[in-house]
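Scroll down for the structure; my scribbles are underneath it.
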Amino acid sequence: MAVGSALTANTSWREPPDFVARGFTHDEGTFDDVIPLPERALAKAAAEGIGDVHPLEQIIARTVSRWARSRGGRTPIVIPVVVDA
């Protein structure tokens, strides 16, 4: 599963992230439930002063992976791609 996103300087989404999944049954609205989870994690990171791309990618990967594991019982490989916009 790949997550592509552009973040603003305060680590909020510039636009909703794009999810690309293989081997994961999904439709257009499947990932709507997960979007608020990394948003909250990114807001917490911003409050803690975390703003570098790599730690933000790790936060997104862990959050999305936990969600996918709870939803499908699998542990996917999550590849976050953050563009510092």
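The values are calculated or read from the model by the stated rules, or taken from the named source; none is laboratory data. As the structure is a computational prediction, the values presented were derived from the model and not from experiment. Reconstructed Cβ throughout: ideal geometry from the backbone, glycine too, with neighbour counts over all protein chains shown.
Worth pointing out:
- The range 36-52 - residue that is surrounded by 14 or more Cβ atoms within 10 Å (Cβ to Cβ) and modelled with pLDDT of 85 or more and, of those, farthest from P16 (Cα to Cα): I50
- Single residue of the range 1-16 satisfying the filter (among the hydroxyl-bearing types (S, T, Y) and surrounded by 13 or more Cβ atoms within 10 Å (Cβ to Cβ)) that is nearest to the chain's Cα centre (by Cα): S5
- Number of positions in the range 53-73 that are touching a residue at least 40 places away in the same chain (Cβ under 8 Å) and exposed (fewer than 13 other Cβ atoms within 10 Å of the Cβ): 0
- V83 out of contact with any helix residue (DSSP H, G or I) (no Cβ under 7 Å at 6 or more places or on another chain) and either assigned to a loop (DSSP other than H, G, I, E, B) or in contact (Cβ under 8 Å) with a residue 60 or more places away in the chain (or both): yes
- Single residue of F31, F19 found to be surrounded by 11 or more Cβ atoms within 10 Å (Cβ to Cβ) and outside any helix (DSSP H, G or I): F19
- Selection from the range 49-64 of residues that are in a loop (DSSP other than H, G, I, E, B) and of a type outside the set (A, V, I, L, M, F, W, C): G49, G51, D52
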